[in-house]
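Written out below as structure tokens is the structure these notes cover.
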Amino acid sequence: MDNPDPTKFQNNPIVTLNVGLDKHTFHVHQALLFEYSPVFKAAFSGKCRESSERCMALPEDDPETVERFMQWLYFKSIGLTKGVSPETWDECSLQLARLNTLADKFDVGLLKNSIIDELFALAKIAAWLPETPVIAYIYENTTETSSLRKLIVEWHVWQIDYDWYTHSDTRADLKTMPAFVADLAIAMSRRVQDPSLESPFHSDPSSYYEDRSTTSGD
């Protein structure tokens, strides 16, 4: 991925984000923030304190997740804490879920597209499933129309075998997530009813994009 054109930021103001209760400080070019987030653009363009001080407090947000957002803004890549492996998979998938929550909050549609791309890439190389805490987090922090919800459900429909459902731990976990179970049942029924359906992971991830104004890599 090409680095951003440095001339784009000449004479462009810097705004400050104070993140978390400890106020971790992030400085970002205003033009870049405005380009991808209408929420930030509205906050810094109005007559409120954020606009005059060029500073915004985000006490409820996670500095580590905001740092990933900054990396994506400037380089269009998502840096996970560790390389993806069976040992780190739960942590990495939760990091992506938290980043999706941030993208939802600030209406950064192209970042959500990039997260879908990342999950598609992981699904092609990994047999691991998002574990219960990750699924629970996603369902607690997304709406019913969320593409991330849909993708996680499809992952369970197409990427695992029947044995997974027979485990006692699996049954116990599913009882705690009725909304996920309902979505899973519908998706399973659709697959049984139409044998011609193919795994979505063999196709283009753009069908899961919520922002279709452009592709996430543009």
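Look at (1) touching a Gly at 6+ places or on another chain (Cβ under 8 Å); (2) among the small types (Gly, Ala, Ser); (3) in a helix (DSSP H, G or I) and you find that residue 213 fails only one, number (3).
Can residue 131 be described as modelled with pLDDT under 90 and either over 17 Å from residue 104 (Cβ atoms) or assigned by TED's automatic domain parsing to the domain that holds residue 94 (or both)? For residue 131, the condition - modelled with pLDDT under 90 and either over 17 Å from residue 104 (Cβ atoms) or assigned by TED's automatic domain parsing to the domain that holds residue 94 (or both) - is met. The set of residues in segment 109-160 being under 17 Å from residue 186 (Cβ atoms), small (Gly, Ala, Ser) and in a helix (DSSP H, G or I) consists of 147 alone.
Note on segment 192-203: residues that are exposed (fewer than 15 other Cβ atoms within 10 Å of the Cβ), assigned to a helix (DSSP H, G or I) and of a type outside the set (A, V, I, L, M) amount to 2.
Filtering segment 182-214 to residues that are of a type in the set (S, T, N, Q) and either touching a residue at least 24 places away in the same chain (Cβ under 8 Å) or over 22 Å from residue 119 (Cα atoms) (or both) leaves 189, 193, 196, 199, 206, 213, 214.
Taken together, the criteria exclude residue 77 from residues that are within 22 Å of residue 133 (Cα to Cα) and hydroxyl-bearing (Ser, Thr, Tyr). When the test is whether a residue is in contact with a Lys or Arg (Cβ under 7 Å, 6 or more places away or on another chain), surrounded by 15 or more Cβ atoms within 10 Å (Cβ to Cβ) and not in a loop (DSSP other than H, G, I, E, B), residue 99 passes it. Consider segment 167-181 and keep the residues that are within 24 Å of residue 104 (Cβ to Cβ) and touching a residue at least 40 places away in the same chain (Cβ under 8 Å). The one that is surrounded by the most Cβ atoms within 10 Å (Cβ to Cβ) is 180.
Taking (1) modelled with pLDDT of 90 or more; (2) more than 20 Å from the chain's Cα centre (by Cα) in turn, residue 143 satisfies each apart from (2). Somewhere in segment 36-46, is a residue small (Gly, Ala, Ser), at pLDDT 95 or above and either over 22 Å from residue 118 (Cα atoms) or within 19 Å of the chain's Cα centre (by Cα) (or both)? The answer is yes, given that some residue of segment 36-46 is small (Gly, Ala, Ser), at pLDDT 95 or above and either over 22 Å from residue 118 (Cα atoms) or within 19 Å of the chain's Cα centre (by Cα) (or both). So for segment 103-110 (the condition being acidic (Asp, Glu), closer than 21 Å to residue 68 by Cα and out of contact with any strand residue (DSSP E or B) (no Cβ under 8 Å at 6 or more places or on another chain)), does at least one residue qualify? Yes.
The criterion of at least 3 residues that are free of Cβ contacts under 8 Å to residues at least 24 places away in the same chain and not assigned by TED's automatic domain parsing to the domain that holds residue 109 is met, among strands (runs of 3 or more DSSP E) falling completely within segment 1-90, by 24-29. With respect to the stated conditions, residue 164 is assigned to a helix (DSSP H, G or I), loosely packed, with under 13 Cβ neighbours inside 10 Å and among the aromatic types (Phe, Trp, Tyr).
The values are calculated or read from the model by the stated rules, or taken from the named source; none is laboratory data. The structure presented is a predicted model; accordingly, all values stated were derived computationally and were not measured. In this analysis, Cβ positions are derived from the backbone assuming ideal geometry, glycine residues included, and neighbour counts consider all displayed protein chains.
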